[in-house]
Amino acid sequence: MKKIIMMSNVILTLLFLTLATLLITALVVFLNGSDVLNFTQANGTRLWIGLEVTGSWKSTANTLSANSFNTMTWLALPQMLPYIIINLILIRLFMLYRQGLFFNLKNIQCFKWLGGLLILQFLFVAFYPALLVTLLNMFTGSDFKRAVMIQDTDIISFIVGLIIYVIAWIMKQAQQLQQEQELVI
């Protein structure tokens, strides 16, 4: 039990650090209007904070930036949103673990949210760029090319989401069986 609580504390620290990094990056990009913010010191130390649109959205980003649209606003920030929510769900889960709560309804709910969000993220990654380009074409009279692109990492995230959702369902069934067993005299 102490090992689980100790590891939960370590993981929580890393999750809070990750969340802070995501939020700071989003804030810098949103307020700065640029994809990268550089800090350089006289001794040669260089730090940069920024975003890059990668993966299956790269071709849409190239199309948008070639036509003077801000890819950070339209693609990078929306791409970050699922990661921020996933991070918050994992923080909630490991806070429960730190409290010694392992197989209760709150944990099961975290697993359901996590699995469901990974499944929704797959749909978001697959269809958001095409939907965005369609809307831009409608409202600007442009003729940007639309494409639905799915990479192997997107499919892996979808499968992991399904697996986590099934684990949540199994945990719920096990918890119900345990409750029924406790009622039997």
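General remarks:
- Looking only at residues in region 50-76 that are of a type in the set (S, T, N, Q) and free of Cβ contacts under 8 Å to residues at least 60 places away in the same chain, the one that is nearest to Leu23 (Cα to Cα) is Thr73.
- Residue that is surrounded by the most Cβ atoms within 10 Å (Cβ to Cβ), among those in region 134-164 that are β-branched (Val, Ile, Thr) and within 17 Å of the chain's Cα centre (by Cα): Ile164
- Verdict on Leu131 being closer than 22 Å to Ala76 by Cβ and either open to solvent by 20 Å² or more (accessible area, probe 1.4 Å) or of a type in the set (D, E, K, R) (or both): yes
For every residue, the table says whether it meets (1) under 30 Å from Ile167 (Cβ atoms); (2) at pLDDT below 85; (3) open to solvent by less than 40 Å² (accessible area, probe 1.4 Å).
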position: Leu22; (1), (2), (3): yes, no, yes
position: Val29; (1), (2), (3): no, yes, yes
position: Gly44; (1), (2), (3): no, yes, no
position: Gly50; (1), (2), (3): no, yes, yes
position: Asn62; (1), (2), (3): no, yes, no
position: Asn67; (1), (2), (3): no, yes, no
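- Test: residue in region 94-114 that is open to solvent by 30 Å² or more (accessible area, probe 1.4 Å), in contact (Cβ under 8 Å) with a residue 12 or more places away in the chain, farther than 29 Å from Gln179 by Cα and not in a loop (DSSP other than H, G, I, E, B): no
- If the condition is being of a type in the set (Phe, Trp, Tyr) and outside any loop (DSSP other than H, G, I, E, B), then region 52-93 contributes Trp57, Trp74, Tyr83.
- Considering residues of region 69-78 that are surrounded by fewer than 21 Cβ atoms within 10 Å (Cβ to Cβ) and of a type outside the set (Val, Ile, Thr) only, the residue modelled with the highest pLDDT: Pro78
The values are calculated or read from the model by the stated rules, or taken from the named source; none is laboratory data. These numbers come from a predicted model, not from an experiment. Note that we place each Cβ from the backbone using ideal geometry, even for glycine, and neighbour counts take in every protein chain shown. Side chains are part of the model used for accessible areas, which takes the heavy atoms of the whole protein and leaves out ligands, DNA and RNA. Shrake-Rupley method; radii C 1.70, N 1.55, O 1.52, S 1.80 Å.
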